[in-house]
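Here is the structure we will look at.
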Ligand code: DAH
């Protein structure tokens, strides 16, 4: 026997159906998560839902009324079921889109690594730090005076040509060497001085495996009243052995630079083939790594030092070259392409 108190009258059935028709699809549409949706599903379609009550009350209506109300109630039920199914589907879709699948492991933030050029600069700076050299910074936009004139580079020197240096419209230039920093520091300070100056330099070279329009150099300078060429040799021996291994042999070859006199190019014995000859050293057994020399008196004069009272040495090296040698890198362009497959190898 059915409990008559659980049976709806014909008017009540109509009211329930009117209300469900007016509200259900709107309420389902507004739902924003699966919990709310399940609550609504139970409210509309559960055993105790008013729609279930409507369906079970149909039997008490006249035949005619029963037909139309029953049809309406069943249509509404299908509509609600379909609306809930679609909503569940769309919630699943947006969860995927926003990546809110709480069963997935968290997003791991990768640790950055130091760029190999920065790492090489720091490694070299640490060696000079042990010798009491101070790291100073210069500027990348310079005047002809600091890049050439004060460094005793004559007006007709080919490096001053617009094809060998980037000039700005205002008559300045992008420095083509870090030797500029020697001048900037000596102008401001009195000896004794021991500095290194790492930084970028620019040259309009065609980019290939061993050339870039921008690369890094480290300049070094030591000045006081008694620094000699022997000190230069001692410092460079110490530096190169710290960098390339304590068994390295070092060779000084006479060379010419306008800002040093005498000048040398410095070679280190090839640490790959142990000076036997290989493709990296071009079968020579030696690797050319830096330029150096005793500071030319003309440079001291340009900064207002008395060349009779002070003496010193300077050196310059290319950071990319050192880094390429140390790590067996065969293309300079790899440093600037931001390719993580390359950079991650230096972690
Ligand atoms: N400035 C030179 C260059 O760019 C490198 C260099 C050589 C610097 C000898 C020096 C030096 O201070 O003494 O090629």
What length, rounded to one decimal in nm, is gained on full extension from residue 330 through to residue 130, with 0.36 nm per residue of separation minus their alpha-carbon distance? 68.9 nm
Which residue fluctuates the most in the chain, going by a Gaussian network model with Cα springs under 10 Å, if the choices are 201, 107, 289? 107
Give the Kirkwood hydrodynamic radius (Å, one decimal) of the chain, defined as one over the mean of 1/r across all pairs of different Cα atoms. 26.9
Evaluate the relative contact order of segment 187-295 (contact order divided by residue number), counting alpha-carbon pairs under 8 angstrom at least 6 apart; express in whole percent. 18
Relative contact order for the chain: what is it in percent, counting Cα pairs under 8 Å that are at least 6 residues apart? 14
Which residue fluctuates most in the GNM of the chain (Cα springs below 10 Å): 193, 17, 317? 17
Normalised by the residues of segment 4-99, what does the relative contact order come to in percent, with Cα pairs under 8 Å and at least six apart? 39
Taking only Cα atoms and a 10 Å spring cutoff, compute GNM fluctuations for the chain and point out the largest among 197, 73, 314. 73
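Using just the Cα positions, wrap segment 1-78 in a convex hull and report its mean projected area in square nanometres, one decimal place.
Details: hull surface 21.6 nm².
Average projection, Cα convex hull of segment 1-78: 5.4 nm².
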Given the C-alpha centroids of segment 214-273 and segment 277-347, what is the distance between them in whole angstrom? 10
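Taken together, the values in this text are just the output of simple stated rules run on the coordinates, not laboratory data. Quick caveat: nothing in here was measured; it's all calculated off a predicted structure.
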